[in-house]
Structures are given as C-alpha cells and as structure tokens.
Amino acid sequence: MQGDHYMGLVAEWYDDWLSARHDDIDFYSSYLAGLKGTVLELACGTGRILLPIARAGVEIHGLDGSHDMLRILTAKAKAEGVPDIQVHQQPMESFDIGRRFDTIFVASGSFQLLTDPTDIVSSLSCIYRHLEDGGSFVTDVFIPWDEIAQKGSSVYTVTRDNSRPNRDRSIVQERFSVDLAKQIVFGTYRYEFYSDRHLVSCIINDLNIRWFWKDEFARLLKEAGFGSVQLLTDSPLYEESSSFVFKAVK
C-alpha cells in the first residue's frame with residue numbers, strides 16, 4: 001500500500017481537505033451504533049471516521065500504515081477526551097494484530113489504494129482471519145468514471161484549495177493517467193503549502209487507485225472465504241454503477 005504518501009504536511013492538512021465530507025462518517029457511525037462487540041477500522045488515517053464512532057461508546061481499534069496519520073489521530077483523541085483508542089501501525093495488505101474483531105471496515109474507497117492483485121488477496125485474507133466467526137467486513141468502493149472517460153491528463157488540475165484562519169493555505173493539484181486493462185488510475189499530486197502568501201513547501205508524490213467492478217469485488221470476497229456477501233443498497237454511499245457498499249460475513 002502507499003502509506004508513505006500520507007506523511008508530514010500532507011498528513012497535517014488531511015482533515016482540512018476533507019472537512020466538508022460527512023456522508024461516510026454518518027453512514028459508518030449509524031451502521032455501527034447498533035452492533036455489539038469490537039470493531040477495527042483499516043486505513044483509519046487521522047481518525048476522521050473512527051473518533052466519532054469511539055465517542056459514541058463503540059470499542060474500536062484503528063490501523064494505518066502512516067505513523068504521522070496515527071500520531072494526529074492519537075493527539076486528537078487525547079484533546080477530545082476519547083480514552084483507550086488502540087492504534088496499530090501496520091500495512092493493510094499484511095497486518096497481524098493477534099486478536100479477532102466482530103466487525104472490520106474500510107471506508108471511503110481506501111481499500112482501492114491496494115493496486116497489486118497479490119496485495120488485494122492478501123488483505124482480504126488478513127481481514128477474514130481477524131474476524132470472529134459470524135463477524136462481518138464492510139467496505140465501500142467506487143468507480144472513477146470521470147477519470148476513465150478522460151483517460152489521461154497531461155496538465156495539473158486544482159482539486160483542493162484550503163485556507164486556515166491564520167492565513168496558511170494549501171493547494172492540491174493532480175494529473176493522472178488510466179490503465180483500463182489493469183483498472184488503475186495513476187495519479188501524480190502536487191501539494192503547495194503557503195504561509196502569509198509565501199510558498200513554504202512543495203511536495204510532488206504519486207498515489208494510485210484500482211477500481212473494482214461490482215461482480216468482480218463480490219467474487220473476490222467469496223474467494224477469500226466469506227460465506228455471505230451482500231450489497232447494502234440502502235446505504236447513502238451506494239449509487240448503482242458508480243459506488244458500491246459491501247457486507248461480507250465470515
């Protein structure tokens with residue numbers, strides 16, 4: 001997985017870039033509110049989704065490959081008075097926590113950061129092993145139709161432009177290419193960080209995602225050993241032919 005992408009200033013500004021998004025927080029918080037047992041969020045990042053769930057009283061662990069993202073999560077939990085958040089810095093494709101969970105989830109298309117077929121199979125195998133019998137794995141995946149339609153971009157396009165009250169500012173630009181056969185969007189991101197209108201840092205890094213067709217992902221879950229695979233079509237994150245929410249039961 002591409003955990004080294006989310007480091008330094010990229011990690012520090014992550015919450016700013018996603019501050020307007022709440023649909024994934026609302027869905028996973030609502031879904032987990034009525035469930036009993038322990039929960040694990042993979043690719044939990046800064047705890048944008050994990051912390052609201054923890055505040056509701058759910059026993060939840062977080063796993064991420066980025067030390068900086070987990071450091072921010074831990075600091076936020078302490079500042080918000082959320083106790084006993086256990087985090088694990090391990091890769092999503094080959095983790096071993098040494099315990100099982102009643103529910104494991106990956107939110108906001110983060111599972112698609114796994115682009116190598118071997119890593120995808122390995123991650124699903126890890127998830128299956130870390131679930132209690134009868135436990136469930138929930139995730140949402142999307143198809144990047146806009147990028148597929150364009151197939152490639154030779155110039156950077158501004159995707160985010162955020163400012164803070166202290167006049168710090170970040171501008172994110174992206175250019176991409178698409179491999180239709182491998183179902184991968186290859187993205188190159190240019191991060192510019194400003195203080196008082198002066199450029200203080202510029203980071204250029206790659207971040208790729210793989211998309212899954214609906215039937216393809218259902219097949220992968222079944223091949224991983226899950227006995228029941230269903231689509232949560234009533235989820236607000238579900239949009240036929242574009243965004244799918246899966247629940248797989250061990």
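Looking at the range 18-57, which of the residues that are surrounded by 14 or more Cβ atoms within 10 Å (Cβ to Cβ), hydroxyl-bearing (S, T, Y) and in a helix (DSSP H, G or I) is nearest to the chain's Cα centre (by Cα)?
Y28
Here is a yes/no grid of residues against (1) over 21 Å from the mean Cα position of the chain (by Cα); (2) surrounded by 16 or more Cβ atoms within 10 Å (Cβ to Cβ); (3) touching a residue at least 12 places away in the same chain (Cβ under 8 Å):
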residue: F176; (1), (2), (3): no, yes, yes
residue: Y189; (1), (2), (3): no, yes, yes
residue: S195; (1), (2), (3): yes, no, yes
residue: L199; (1), (2), (3): yes, no, no
residue: L207; (1), (2), (3): no, yes, yes
residue: E216; (1), (2), (3): no, no, no
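Condition (residue is not in a helix (DSSP H, G or I) and not small (G, A, S)) applied to the range 63-76: is it met by at least one residue? Spell out the reasoning first.
If we filter the range 63-76 for residues that are not in a helix (DSSP H, G or I), which is where we start, we get 63-66.
Next, from what is left, pick out any that are not small (G, A, S): 63-64.
Yes: one or more hits.
Residues checked against (1) within 22 Å of F217 (Cβ to Cβ); (2) modelled with pLDDT of 95 or more; (3) in the same structural domain as Y191 (by TED's automatic domain parsing):
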{"residue": "Y31", "(1), (2), (3)": "yes, yes, no"}
{"residue": "K36", "(1), (2), (3)": "no, no, no"}
{"residue": "G57", "(1), (2), (3)": "no, no, no"}
{"residue": "I60", "(1), (2), (3)": "no, yes, no"}
{"residue": "I72", "(1), (2), (3)": "no, yes, no"}
{"residue": "A75", "(1), (2), (3)": "no, yes, no"}
{"residue": "D84", "(1), (2), (3)": "no, no, no"}
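Could we say that D15 is in a helix (DSSP H, G or I) and over 14 Å from the mean Cα position of the chain (by Cα) here?
Values: in a helix (DSSP H, G or I): yes; over 14 Å from the mean Cα position of the chain (by Cα): no.
Against the criterion (in a helix (DSSP H, G or I) and over 14 Å from the mean Cα position of the chain (by Cα)), D15 does not qualify.
So Q183 clears everything in (1) surrounded by 12 or more Cβ atoms within 10 Å (Cβ to Cβ); (2) out of contact with any helix residue (DSSP H, G or I) (no Cβ under 7 Å at 6 or more places or on another chain); (3) on the phi < 0 side of the Ramachandran plot except one condition, right? Which one?
(3)
Checking the condition of a type in the set (A, V, I, L, M), in contact with a strand residue (DSSP E or B) (Cβ under 7 Å, 6 or more places away or on another chain), outside any loop (DSSP other than H, G, I, E, B) and in contact (Cβ under 8 Å) with a residue 40 or more places away in the chain, which residue from I60, I104 passes?
On the way: I60 fails: in contact (Cβ under 8 Å) with a residue 40 or more places away in the chain.
The match here is I104.
The values are calculated or read from the model by the stated rules, or taken from the named source; none is laboratory data. As the structure is a prediction and not an experimental result, all values here were calculated from the model. Every residue, glycine as well, gets a Cβ built from its backbone with ideal geometry; the counts of neighbours run over all protein chains shown.
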